[in-house]
1. At 1.4 Å probe size, with the rest of the protein present, what percent of the exposed accessible area of region 51-173 is carbon and sulfur atoms?
2. Extending each Cα 7 Å along its Cβ direction at H192 and A133, get the distance between those two points in nm, one decimal.
3. What's the ranking of 52-64, 73-85, 192-204 by average number of surrounding C-beta atoms within 10 Å, highest first?
4. Under the rule of at least 5 residues apart or a separate chain, name every residue whose amide H is placed under 5 Å from the amide H of N140.
Amino acid sequence: MNRRFPAAVVAAAVAWLGTMGCGPRAAERAAPPAGPKGVQTEGVRTMTIEITSTAFKQGDPIPKKYTGEGADVSPPLAWKNLPEGTKELALICDDPDAPTEEPWVHWVIYKIPAGEKGLPEGVPRDLRLKQPAGVMQGRNSWPKENVGYRGPMPPPGHGTHRYFFRLFALDGHLTIEPGATKTKLLEEIRDHILGEGVLMGTYER
């Protein structure tokens, strides 16, 4: 049966559907973009920063040298396209595929001057770095030797794990002490993030 409805009725129906969101798919469109487990990406943050490494490309395996099976040194990192007004940078590396309740934290480093273009290979495991001056490091998820970078070491046979190196551009200077956890750092920077960038590598044992 072909029934024509008055234009006013059609307009009201369209408005009602817009209010209801048209079901789950509309809700998904309205939801903030999802990041790695444990990192919230909603708000004014934008993925404008390009972060790269000469050791591996986006989505590629991380060389053994930078893992717990190798020299276990941090990979070289470089970045560009920082948002205007960036005063400091902070970086977190974690593994959301770890068989733990929260992502396994591999690196927490912060108070990186905005003028720095990256981090060299093999950053020392010190709470305060001499180079770049003023940079501080936090604690990873290891029970000991847990300052600075510790490389991928997933359980054998657990499949491929992803490692997210997430860089945050901040609008001010942190007053946080060295040795902070990932949770503490995220609390401190939550309202000061101008932009983000992420480099993801993988590893499997």
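1. Solvent-exposed carbon and sulfur of region 51-173 make up 52 percent of the total.
2. In this crude label model, H192 to A133 measures out at 2.0 nm.
3. In descending order of packing, they fall as 192-204, 73-85, 52-64.
4. Hits under the 5 Å cutoff: V147, G148.
The values are calculated or read from the model by the stated rules, or taken from the named source; none is laboratory data. Quick caveat, the model's predicted, so the values are computed rather than measured. Ideal geometry is used to build each Cβ from the backbone, glycine not excepted, and the neighbour counts take in all protein chains shown. Please note that ligands, DNA and RNA were not included when accessible areas were found on the heavy atoms of the full protein model with its side chains. Shrake-Rupley method; radii C 1.70, N 1.55, O 1.52, S 1.80 Å.
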